[in-house]
Amino acid sequence: MINVTKTYLPEKEKYQKYVDRIFASGWLTNNGELVQELERRLCTYLGVRHVVLVSNGTLALQIAYRALGIKGKVITTPFSFVATTSTLVWEGLEPVFADIDTETYNLDPNRLEKLVTPGTSAIVPVHVFGNICDVEKIGEIAKRKNLKVVYDAAHAFGVNYKGVSAASFGDASTFSFHSTKVFHTIEGGAIVVKDEEVYRRCKLMINFGIPGPDRIVELGINCKMNEFQAAMGLCVLDDLEEIIARRQKVFERYMKGFENDPKLKLQRLNPDATRNHSYFPVVFGSEEILLRVSGSLKALDIYPRRYFYPSLEELPYIKERQTVPASSDIAKRVLCLPMYEDLPEDKQALIIKTVLENA
Ligand SMILES: *Cc1c(COP(=O)(O)O)cnc(C)c1O
């Protein structure tokens, strides 16, 4: 059985050594030494000053909104994983969808500005499939309109744009370290912020607003990362460069198979950014073709996924009707093919052949 992703597992002995350390110390969570070590290493790896590790990428977004004091309406993309929108609704914010660019699948900054109203306080764009957004234009609009920007960078770990990491844009960037992501901590996530005060608030909020013994200084929640998660992260981080290099090979084979086929559309990638090859999305001529292709693959025990479907303006809890034709159209026709570092070559050849025969 071939799935769209496969969790990377590091060398078991290496993980075991960290587990031995955890057992020796008896310290399992609450800002333990492995969480601190992973935070330090991520600061270096990402070239940033502050990384806050949390229990998942969903709460990373929620903490970022709260720590930045985001209120009211938030402009975001309808073409993403549900958490980008559900976190806004969960926090009592109102998502306003800006349609996407039909080539990059990212929020189209040209459609952003006219959606800004006096009630708008922030923009939440996504680097979709690890493809870096037009960060300059988004940054310029945000500055002029006095809006906060939180990048949902869940797909963009390890990606650099013009020499700096994807973590360095906006007022905050958040990551998901779920097992299906390129870099993972089993479950987990991170918030990267620039402002010292916002950083301090994030650290407090993830631990009930408790700064130390006998004091509770603000409203918080519990979303701490534990030591077993951090241990996994420390192991996977060692191997990340090799993981991405191996994914690059898989990517090149897909490109060779599909590049010149007019029946398929591939994502236009930001030319100034590196890639982590988290996903391999293909857009077909119609939903009917997509269903035919995925049906043929499933018959071979190969399971691609409809990332992202449905387009998020269709969520049952979005009450106000919003029309975003580009997102709605791409969402119906996009399929992510299996993409992971040890995808067997013969299986990949079969995937390419099956896609081309049915597209
Ligand atoms: C995976 C993902 C999330 C959620 O992260 P979790 O760690 O699963 O909570 C949020 N946004 C996007 C775009 C994602 O792909």
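Things worth noting here:
- Residues of the stretch 327-347 that turn out to be more than 21 Å from the chain's Cα centre (by Cα) and aliphatic (A, V, I, L, M), as a count: 1
- Residues of the stretch 4-41 that turn out to be touching a Lys or Arg at 6+ places or on another chain (Cβ under 9 Å) and surrounded by 15 or more Cβ atoms within 10 Å (Cβ to Cβ), as a count: 6
- Only one of Val164, Val198 that is farther than 30 Å from Val4 by Cβ, of a type in the set (Val, Ile, Thr) and open to solvent by 10 Å² or more (accessible area, probe 1.4 Å): Val198
- When the stretch 202-237 is filtered for residues that are part of a helix (DSSP H, G or I) and either surrounded by fewer than 14 Cβ atoms within 10 Å (Cβ to Cβ) or small (Gly, Ala, Ser) (or both), the ones remaining, listed by number, are Ala230, Ala231, Gly233.
- So Glu136, is it within 16 Å of the ligand (Cβ to nearest atom), open to solvent by 10 Å² or more (accessible area, probe 1.4 Å), more than 18 Å from the chain's Cα centre (by Cα) and not hydrophobic (A, V, I, L, M, F, W, C): no
- If the condition is being aliphatic (A, V, I, L, M) and either over 12 Å from the mean Cα position of the chain (by Cα) or more than 11 Å from the ligand (Cβ to nearest atom) (or both), then the stretch 183-193 contributes Ile186, Ile191, Val192, Val193.
- A Cβ distance below 6 Å, combined with a sequence gap of six or more or placement on separate chains, defines the contacts here; from the stretch 148-166, residues that are within 23 Å of Lys71 (Cβ to Cβ) and within 16 Å of the ligand (Cβ to nearest atom) reach residues that are among the aromatic types (Phe, Trp, Tyr) and open to solvent by 10 Å² or more (accessible area, probe 1.4 Å) in the pairs Tyr151/Phe169.
- Qualifying residue in the stretch 275-289 (condition: more than 24 Å from Lys162 (Cβ to Cβ), open to solvent by 40 Å² or more (accessible area, probe 1.4 Å) and among the charged types (D, E, K, R)): yes
- Scanning the stretch 68-127 for residues that are polar (S, T, N, Q), within 16 Å of the ligand (Cβ to nearest atom) and not in a strand (DSSP E or B) yields Thr77, Ser80, Thr84, Thr85, Ser86, Thr87, Thr104, Asn106.
- Condition met for Thr44 (open to solvent by 10 Å² or more (accessible area, probe 1.4 Å), in a helix (DSSP H, G or I), modelled with pLDDT of 95 or more and away from the ligand (no atom under 16 Å from the Cβ)): yes
- Screening the candidates Lys353, Lys332 for the property of being open to solvent by 60 Å² or more (accessible area, probe 1.4 Å), under 27 Å from Ile100 (Cα atoms), in contact with a helix residue (DSSP H, G or I) (Cβ under 9 Å, 6 or more places away or on another chain) and in a helix (DSSP H, G or I) yields one hit, Lys332.
The values are calculated or read from the model by the stated rules, or taken from the named source; none is laboratory data. Predicted model only: the values in this text are computed from it and were never measured. Counting neighbours? That spans all protein chains shown, and the Cβs are built from the backbone with ideal geometry, glycine included. Just so you know, the surface numbers come from the protein's heavy atoms only, side chains and all, with ligands and any DNA or RNA stripped out. Shrake-Rupley method; radii C 1.70, N 1.55, O 1.52, S 1.80 Å.
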